[in-house]
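Take a look at the structure set out below.
The values are calculated or read from the model by the stated rules, or taken from the named source; none is laboratory data. Values in this document were obtained by computation on a predicted structure and should not be read as measured data. Neighbour counts are summed over all protein chains in view; Cβ atoms, including those assigned to glycine, are modelled from backbone coordinates with ideal geometry.
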Amino acid sequence: MNNLAILPIILPLLASVIVAFIPSKLNIVRKLSQALMVIFLIIVGYIAWLVYHNGVIVTQGGGWDAPFGISIVADYLSILLVLTTYIIATAAVFYAPHSLSDQQEKFYFYTFYFLLISGVSGAFLTGDLFNLFVFFEVLLMASYGLIVLGNGKAQLRESLKYVLVNLFSSMLFVTTIAFIYSLVGTVNMAHIAERVEAIPAEQQGIITGIGVLLFFVFAVKAAIFPLYYWLPNSYVVPNPVISALFGALLTKIGIYSIFRVYTLIFVHDTAFTHQQLFIWLAIFTMLFGVIGALSTNNVKLIVTYNIIPAIGFILMGIGLYSEDGLAGSVYYLMHDMVVKAALFFLIGALVVAAGTKDLSKMSGVIQRFPLLGWLFFLGTIVLAGVPPFSGFIGKLLLLRGALSQEYFLLTIVALLSSLLILLSMIRIFIRGFWGEKMEGMTNDNRKVHALTIPAVFLLAISIFLGVGAEYVLPYVDTISTYLLDRTEYISAVLKG
Amino acid sequence: MQDQLEQFGEQMLNVVLIICFVTLTISVLLLLIRTFKGPSNADRAVAIDTIGVNMMAITGLVAIQLVTDKLNDVVLLIGILLFIGTIAIAKFIEKGVIIEQNNH
Amino acid sequence: MKQSNDLILRTTTQIIAFMLLGFSVYLFFAGHNAPGGGFIGGLMTSAAIILMYMTYGFEKIEKIIPINFRTLTVTGLLIAVLAGMGSMLFGASFLSHADGYYHLPLIGEKHLATALIFDLGVYLVVVGITLTIILSIATDSEDESNQNVGV
């Protein structure tokens, strides 16, 4: 029995319990969390290395075999995203002590943080639809705790909306799982995929209906076009480190679930679901998200709105459902997680440095903090996809896929929205960093530098993804062929 | 003769069960009206308590219908929770606070 | 606040609280293959403790049960996680459990399972969480230390 696949879930769970014993001994808790996180990162890196060399690792929980027990599947896609999660989380744990107040840290920040990591890894790794729901709940519980951390008035107001939206979508999720169970009699994803194939063609309308219902659930979590209304405000209110974790991880769980479900289970009617529904929603998501980013002067809100078009890009690749499209999506997903976290960290540092969130009151920050300024510029062009950085490679793959399938409108919108992303972000750079040196900048240089360093780590990884694309692309291509050919996943889970 | 008697007994039990279920349901509905309308909070408390008693009765009837003794614990459980709930409401009406700092 | 006479409540609590605690132990052990288990057993225990809180007031019970319920929750979680991980030491997969029939002195042949340890963790978590929630709602005095966490 191979227990490796479950380690990324239980190690943070154990860590969260340990740090909950001594919430007020901050020095110990900080050092302990940082040390544990680095060790976990190394362990997860080792597991990822094993998966790439020896193939998919499956752990059957409790020793019950696949369709009956709960399978934890570390395959090429999920372990890659878990590794990315751990990289971001490691940066965040070094950022947190400088960004949060002591009071906030004492209020079980590290417990919630480790629980969030555990839930996110679980959602990535699980091979069971009901278990996916359970891990959604785990990470949502942790996020409820994190979003109100600090107890501000705006936070309480927004967290109420956040909780209500998520409760509603969770309820719908369980209902959908019940539908699936009544139809095919199993909740194991590989088993569902096998059984769905056996359903005769004239009855497949109901499968499509359930698929769209499930897509709705995940679309709420992933913030896809008509359902993103809850996202910007609730991601803006908490502390930058929490926003970074949310922006980099939570919406990506939603889009990953769409990825998993729509490449494994619901692939019988791609002409409707993938090529019409997803493509159109991707177009609208890209457009409206970026319009939101242009409409505000709150620097944090600008970055938050930029989460939405990125989701559009990833959805576009799933909609194309071709080798190029899926490879582009995987690449873009990875790139976006890293660079969004880095940008949230930098925005947190910028807000501390300038002492305000309002862009119109900011100017000339670069004169005092040149490192912060140039890092932000780097982050901006990485995000917008200027060659040779990682955003460019992902978009190149996606656009190549779109053009080869002759989606001209999609291509135009994608290009336009990347241009507008660049505009929205460079606006912060031009108006906030350039110009006259402003009044009221902070004197706490050390704090700003401490806040910048974790972002340097993330940006370095992001640049490696782009410049070192030669080494990364073969893996991504492996993933996309693996996703298109479902047999390896199914046989690994059911016969492993 | 024996068979016929048993059959008759089963049929009668079914009829009685259905009658009981319907009666209890109507009773719960009436109590709900009292809970919403109830001129005073004490009325509401009594109505909620009685709804709980009806729930215990319904659980017992379900146990009879399913021919199982697994639900006996559930009846006891509902009774206990009901008792604590009623005490809490009573204390709230009487004193305005459920758990006092110091009760001499 | 005026002095009130709650003799009936006090007298019944003395009996009923112990009945509840006994019932909760019964439910906890019944959970193996009948309705019950750590969750509902924990709920019953916290019901008994809350009944005592309602009767005797906050200060007295805090003196009698000097347990920090948050620590209790965390301890329960630790037990549950370790019970799951314990199987990994023996090379079995996560959350695997063993069971067997043993002859114990005084109570005779019994069916013992390691799942009970996991259930004990659940029991402690439920007791801790329920009491933390109810007590923090019930006793919202002004001088609470978690009231003013800075933004």
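Beta carbons closer than 7 Å, at least 6 apart along the sequence or on distinct chains, pair a first residue in segment A:363-392 that is without any contact (Cβ under 8 Å) to a residue 40 or more places away in the chain and over 20 Å from A:K447 (Cα atoms) with a second that is of a type in the set (S, T, N, Q) and buried (at least 17 other Cβ atoms within 10 Å of the Cβ) for A:G385/A:S418.
State yes or no: is A:V163 hydrophobic (A, V, I, L, M, F, W, C), modelled with pLDDT of 85 or more, assigned to a helix (DSSP H, G or I) and in contact with a Ser or Thr (Cβ under 8 Å, 6 or more places away or on another chain)? Break it down stepwise before answering.
Values: hydrophobic (A, V, I, L, M, F, W, C): yes; modelled with pLDDT of 85 or more: yes; assigned to a helix (DSSP H, G or I): yes; in contact with a Ser or Thr (Cβ under 8 Å, 6 or more places away or on another chain): no.
The answer is no for A:V163.
Just one of the numbered conditions (1) in a helix (DSSP H, G or I); (2) buried (at least 18 other Cβ atoms within 10 Å of the Cβ) is not true of A:M441: (1).
Of all the residues that make up segment C:35-52, how many are within 8 Å of chain B (Cβ to nearest Cβ) and within 19 Å of B:K70 (Cα to Cα)?
Restricting attention to segment C:35-52, the residues satisfying the condition of being within 8 Å of chain B (Cβ to nearest Cβ) are C:35-36, C:40, C:44, C:47, C:50-51.
In the following step, the residues that additionally are within 19 Å of B:K70 (Cα to Cα) were identified as C:35-36, C:40, C:44.
Number of matching residues: 4.
Looking at (1) crowded, with 17+ Cβ neighbours inside 10 Å; (2) without any contact (Cβ under 8 Å) to a residue 60 or more places away in the chain; (3) β-branched (V, I, T), which is the only condition C:I50 fails? Of the numbered conditions (1) crowded, with 17+ Cβ neighbours inside 10 Å; (2) without any contact (Cβ under 8 Å) to a residue 60 or more places away in the chain; (3) β-branched (V, I, T), the odd one out for C:I50 is (2).
Across segment A:413-438, what is the total count of residues that are within 16 Å of A:P370 (Cβ to Cβ), loosely packed, with under 15 Cβ neighbours inside 10 Å and not charged (D, E, K, R)? Summing the residues that are within 16 Å of A:P370 (Cβ to Cβ), loosely packed, with under 15 Cβ neighbours inside 10 Å and not charged (D, E, K, R) in segment A:413-438 gives 3. For the residues C:F39, C:F28, the requirement of being crowded, with 21+ Cβ neighbours inside 10 Å, of a type outside the set (A, V, I, L, M) and not in a loop (DSSP other than H, G, I, E, B) singles out C:F28. Remark: A:F135 matches the filter, which requires a residue to be in contact with a strand residue (DSSP E or B) (Cβ under 8 Å, 6 or more places away or on another chain) and assigned to a helix (DSSP H, G or I). Criterion applied to A:T285, A:T270 was being under 30 Å from A:I210 (Cβ atoms) and surrounded by fewer than 18 Cβ atoms within 10 Å (Cβ to Cβ), and the one residue passing it is A:T270.
Going by the conditions given, is C:I79 assigned to a helix (DSSP H, G or I) and within 11 Å of chain B (Cβ to nearest Cβ)? Steps first, please.
On the way: assigned to a helix (DSSP H, G or I): yes; within 11 Å of chain B (Cβ to nearest Cβ): no.
When the stated conditions are applied, C:I79 does not pass them.
Out of everything in segment C:92-140 that is modelled with pLDDT under 75 and within 11 Å of another protein chain (Cβ to nearest Cβ), what residue ends up being nearest to C:M52 (Cα to Cα)? If we take residues in segment C:92-140 being modelled with pLDDT under 75 and within 11 Å of another protein chain (Cβ to nearest Cβ), then C:T139 is nearest to C:M52 (Cα to Cα).
Out of B:E10, B:E94, B:E100, one residue alone is among the acidic types (D, E) and in contact with a Gly (Cβ under 8 Å, 6 or more places away or on another chain). It is B:E100.
Working only within segment B:73-95, note down all residues that are of a type outside the set (V, I, T) and within 9 Å of chain C (Cβ to nearest Cβ). Spell out the reasoning first.
Looking only at segment B:73-95, we keep the residues that are of a type outside the set (V, I, T), and these are B:73, B:76-77, B:79, B:81-83, B:85, B:88, B:90-92, B:94-95.
Passing the criteria: B:D73, B:L76, B:L77, B:L81, B:F83, B:A88, B:A90, B:K91, B:E94, B:K95.
Against the test of being part of a helix (DSSP H, G or I) and within 22 Å of the chain's Cα centre (by Cα), the options A:L77, A:L32 yield a single qualifying residue, A:L77. The residues listed here are B:A57, B:A45; of these, the one that is farther than 30 Å from C:E62 by Cα, part of a helix (DSSP H, G or I) and out of contact with any Pro (no Cβ under 8 Å at 6 or more places or on another chain) is B:A57.
Screening A:T111 on (1) over 22 Å from A:A35 (Cα atoms); (2) at the interface with chain C (Cβ under 10 Å from one of its Cβ atoms); (3) part of a helix (DSSP H, G or I) shows it passes everything except condition (1). Checked against (1) closer than 28 Å to A:L140 by Cβ; (2) surrounded by fewer than 16 Cβ atoms within 10 Å (Cβ to Cβ); (3) small (G, A, S), A:G205 passes all but a single condition, namely (1). In a residue-by-residue description of segment B:49-62, the property of being facing another protein chain (nearest Cβ under 10 Å) and either under 20 Å from B:L24 (Cα atoms) or of a type in the set (D, E) (or both) applies to no position.
Among the numbered conditions (1) surrounded by fewer than 24 Cβ atoms within 10 Å (Cβ to Cβ); (2) over 15 Å from A:P309 (Cβ atoms), the only one that A:L350 does not meet is (1).
Before we move on, is B:F36 more than 14 Å from every other protein chain (Cβ to nearest Cβ), without any contact (Cβ under 8 Å) to a residue 12 or more places away in the chain and assigned to a helix (DSSP H, G or I)? Judged against the criteria, B:F36 is a match. The residues of segment A:380-411 that are touching a Phe, Trp or Tyr at 6+ places or on another chain (Cβ under 9 Å), at pLDDT 85 or above and under 17 Å from A:M425 (Cα atoms), listed by number, are A:T380, A:I381, A:V382, A:L383. Close Cβ contacts (under 8 Å, 6 or more residues apart or on different chains) running from residues in segment A:41-63 that are at positive phi to residues that are surrounded by 18 or more Cβ atoms within 10 Å (Cβ to Cβ) and among the aromatic types (F, W, Y) comprise A:G62/C:F94. Annotation for segment A:144-154: at least one member residue is assigned to a helix (DSSP H, G or I), among the small types (G, A, S) and either surrounded by fewer than 22 Cβ atoms within 10 Å (Cβ to Cβ) or more than 14 Å from chain C (Cβ to nearest Cβ) (or both).
Looking at the structure I just gave you, is A:I39 assigned to a helix (DSSP H, G or I) and within 14 Å of chain C (Cβ to nearest Cβ)? Walk me through how you get there before you give the answer.
Values: assigned to a helix (DSSP H, G or I): yes; within 14 Å of chain C (Cβ to nearest Cβ): no.
Answer is no for this residue.
Quick check on this structure: which one of C:T71, C:T55 is among the polar types (S, T, N, Q) and within 12 Å of chain B (Cβ to nearest Cβ)? That would be C:T55, the only listed residue that is among the polar types (S, T, N, Q) and within 12 Å of chain B (Cβ to nearest Cβ). Return yes when A:Q103 is among the polar types (S, T, N, Q), more than 10 Å from chain C (Cβ to nearest Cβ) and surrounded by fewer than 23 Cβ atoms within 10 Å (Cβ to Cβ) and no when it is not. Criteria not met by A:Q103. Consider segment A:2-28 and keep the residues that are out of contact with any Leu (no Cβ under 6 Å at 6 or more places or on another chain) and of a type in the set (V, I, T). The one that is nearest to the other protein chains (Cβ to nearest Cβ) is A:I6.
Would it be correct to say that B:T50 is surrounded by 12 or more Cβ atoms within 10 Å (Cβ to Cβ) and closer than 20 Å to B:F83 by Cβ? Judged against the criteria, B:T50 is a match.
Return the only residue of A:T84, A:T126 being surrounded by 19 or more Cβ atoms within 10 Å (Cβ to Cβ), over 21 Å from A:V17 (Cβ atoms) and not hydrophobic (A, V, I, L, M, F, W, C). Walk me through it before giving the result.
Details: A:T126 fails: over 21 Å from A:V17 (Cβ atoms).
Checking each option against the conditions leaves just A:T84.
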